[in-house]
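Notes to accompany the following structure.
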There are 2 protein chains.
Amino acid sequence: MTGQIPIHELIRAQLEQEILSGERPPGSKLPNETELAAEWRCARMTVGRALNALAEAGMVQRRKRAGTFVARRGVQETVLEIRDVATEVRAQGRDYAFRRLARRESGAGPEQMTRLGVAEGAPVLLVLGLHLADGEAHALEERWINLTAAPAAAQERFEDAPPGAWLLQHIPWTEAEHEIAALAADGQTAKRLGVPVGTALLALERRTWLSGQFVTFARFLYPADRQRFTARLRQPGNKASHKGA
Amino acid sequence: MTGQIPIHELIRAQLEQEILSGERPPGSKLPNETELAAEWRCARMTVGRALNALAEAGMVQRRKRAGTFVARRGVQETVLEIRDVATEVRAQGRDYAFRRLARRESGAGPEQMTRLGVAEGAPVLLVLGLHLADGEAHALEERWINLTAAPAAAQERFEDAPPGAWLLQHIPWTEAEHEIAALAADGQTAKRLGVPVGTALLALERRTWLSGQFVTFARFLYPADRQRFTARLRQPGNKASHKGA
DNA sequence: CCGGACAATATGTCTAGACATATTCGGCTG
DNA sequence: CAGCCGAATATGTCTAGACATATTGTCCGG
């Protein structure tokens, strides 16, 4: 009798549309749970569930005693999907390969101290490698690994498998941060990527921590025409399904 | 007696830690709701709520009849906060200003047809403007507006207020898409931004729709050293609060 | 006129049941 | 042995109530 789509979902969708259509303008107060429950002839908890979903999605704001209000449009948040370089390349139907250019273990110098946030002299591993698509340079990777946090990495050679994949498999992490920027290729970088000096590059930097301890820093450099990042953004509220494969 | 933090939250946190610590490895099966409810001496619904929260966060996967399983680490999703240029500049403690460079109404040509997804000849408005920080060029904006979706925009001059802010106030949207790329400045662009030709630029493109109908396209060009995008990423599970101001 | 105490109110959480539904497992049959 | 079918199982949803808790509006006194 209820139909196959749940009541709390119906309520949510209905209110969502009323909000998006402007029928319920930002700042306006929604009926309280008891009233809505009476309207929909369902339990208060069912209404509460719908309203909580809207609140989680940022469409409404709930305050005890005060009520539930349509939220004012806030800061935009987008979901950016950042995939493995290998995955990215293969998704384009091209052949993927990795070639290590350099590998060096050392104690952290002053530059690493600030960039990586490790103590001076802490053992770090630097791996420089090239990601190839169909045999051509696709991206240059500069990878720093904190050997204190990931001692097992010292045993790895990373000759034809990128360190990123290995780390993902072996070292857990709890926090990460990404930065995207553009820069011009310097001499050495240009040579390695096989592009003219000064070419615009897209840089993706990633820092990863395990409960506060720095694990790894990676910088990927893509020639401008070989990579872009796309982010799909939905008006807060259109939750829909997001079960990723 | 219950303490001030809710039971479903306690259960969620406990399971989350067991998963993060590796005590419950990816692929392993969690006890079913009834068992967990008995363990915690609470109602099944309370356990269900905790498990649903974990599922929403992507830490576990739930299948009827089969049970609840610890998820394998999937595609990484990051939350990228894309703010208004004005907000961005002011956040750096600098003065913000906008200067319109050009404004042109016309029918969509073939290029706009593909790039904007509108019919040929549809009325569109192009606004070209410069975002200034402390009087210096900070970003160049190229803005296309579909006048069919936003007819009121035809009345606006956009002389010293950017179209983005106006659109946000006046035209609702339901879907948006972002793309980030790097490119080299061509002659005209370089001149407008006051940088040498060939300078690496960070490009942010945004397309916005209102229930399927194209509303606006914007392309922001930032000289490489003036802008970067940062995205903080959390291991699925650490939900915490995300009430943005 | 201002500030504090108090009561009213709306949400937050929880329970103990019930029925619905998808999926898997196992056994039966051809 | 393959394929189908039914039963068992775990989750999904819902109800009608209860008590907790935060916040707000009001009233009253200084």
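The values are calculated or read from the model by the stated rules, or taken from the named source; none is laboratory data. From a predicted model like this one, the values you see are computed outputs, not experimental measurements. Note: ideal-geometry Cβ built from the backbone for every residue, glycine included; neighbour counts use all protein chains shown.
Descriptive notes on the structure:
- For A:Glu35: the one exception among (1) without any contact (Cβ under 8 Å) to a residue 24 or more places away in the chain; (2) within 12 Å of DNA strand D (Cβ to nearest atom); (3) surrounded by fewer than 13 Cβ atoms within 10 Å (Cβ to Cβ): (2)
- Residue under evaluation B:Glu81, criteria (1) among the charged types (D, E, K, R); (2) at pLDDT below 80; (3) not in a strand (DSSP E or B), criterion not met: (3)
- Filter result (within 14 Å of chain A (Cβ to nearest Cβ) and outside any loop (DSSP other than H, G, I, E, B)) within the range B:14-42: B:Glu16, B:Gln17, B:Glu18, B:Ile19, B:Leu20
- The condition of being modelled with pLDDT under 95, at the interface with chain A (Cβ under 10 Å from one of its Cβ atoms) and not in a strand (DSSP E or B) holds for only one of B:Ala161, B:Ala245, that being B:Ala245.
- Selection from the range A:40-66 of residues that are farther than 28 Å from B:Ala57 by Cβ and surrounded by 12 or more Cβ atoms within 10 Å (Cβ to Cβ): A:Trp40
- Qualifying residue in the range B:145-156 (condition: exposed (fewer than 15 other Cβ atoms within 10 Å of the Cβ), assigned to a strand (DSSP E or B) and not aromatic (Phe, Trp, Tyr)): no
- For the range A:100-137, filtering for residues that are in a helix (DSSP H, G or I), hydroxyl-bearing (Ser, Thr, Tyr) and over 27 Å from the mean Cα position of the chain (by Cα) leaves 0.
- Some residue of the range B:8-17 being within 10 Å of DNA strand D (Cβ to nearest atom) and out of contact with any Asp or Glu (no Cβ under 9 Å at 6 or more places or on another chain): no
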